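See below for the structure under consideration.
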Amino acid sequence: MARAFRHRGLSVYIGDERGGQHHLPHAHIRRGKDVIWTINLFTLEPMHPGPPMPRHLLKKLLDEQDRMIEMWEELNDERD
């Protein structure tokens, strides 16, 4: 996993799934070691039930969405 960015005590990670099971492009949002949300990178919607996402986080995710998708594509490029 590679950290995409930190924001107000939260860290957003993009996973490397090369050679493994492929999921929809997603990110894990953690507070410490706890995963609070797993989000779909295209819709930015949580993939599992959880606490409401704060507006400041959704705004930051929107600002970083293109970069997170690029990170997913780089980390999961099967040609490497």
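The values are calculated or read from the model by the stated rules, or taken from the named source; none is laboratory data. Note that this is a predicted model, so its numbers are computed, not measured. Here Cβ is always computed from backbone atoms with ideal geometry, including for glycine, and neighbour counts include all displayed protein chains. We work out accessible area using only protein heavy atoms, side chains counted, and drop any ligands, DNA or RNA first. Shrake-Rupley method; radii C 1.70, N 1.55, O 1.52, S 1.80 Å.
I'm trying to understand the selection: among the residues of the range 43-53, which are without any contact (Cβ under 8 Å) to a residue 12 or more places away in the chain and surrounded by 12 or more Cβ atoms within 10 Å (Cβ to Cβ)?
Keep residues of the range 43-53 that are without any contact (Cβ under 8 Å) to a residue 12 or more places away in the chain, which gives 43, 45-46, 48-49, 52.
The answer is 46, and nothing else.
Collect the residues in the range 43-73 that are over 11 Å from the mean Cα position of the chain (by Cα) and in a helix (DSSP H, G or I), keeping them in residue-number order.
55, 56, 57, 58, 59, 60, 62, 63, 66, 70, 73
Please verify whether residue 78 is out of contact with any Asp or Glu (no Cβ under 7 Å at 6 or more places or on another chain), without any contact (Cβ under 8 Å) to a residue 24 or more places away in the chain, on the phi < 0 side of the Ramachandran plot and exposed (fewer than 14 other Cβ atoms within 10 Å of the Cβ), treating the condition exactly as stated.
no
Would you mention how many residues in the range 9-42 are without any contact (Cβ under 8 Å) to a residue 12 or more places away in the chain and more than 21 Å from residue 77 (Cα to Cα)?
4
Anything in the range 59-73 that is open to solvent by 70 Å² or more (accessible area, probe 1.4 Å) and more than 17 Å from residue 24 (Cα to Cα)? List them, or say none.
Answer for the range 59-73, where residues must be open to solvent by 70 Å² or more (accessible area, probe 1.4 Å) and more than 17 Å from residue 24 (Cα to Cα): 59, 62, 63.
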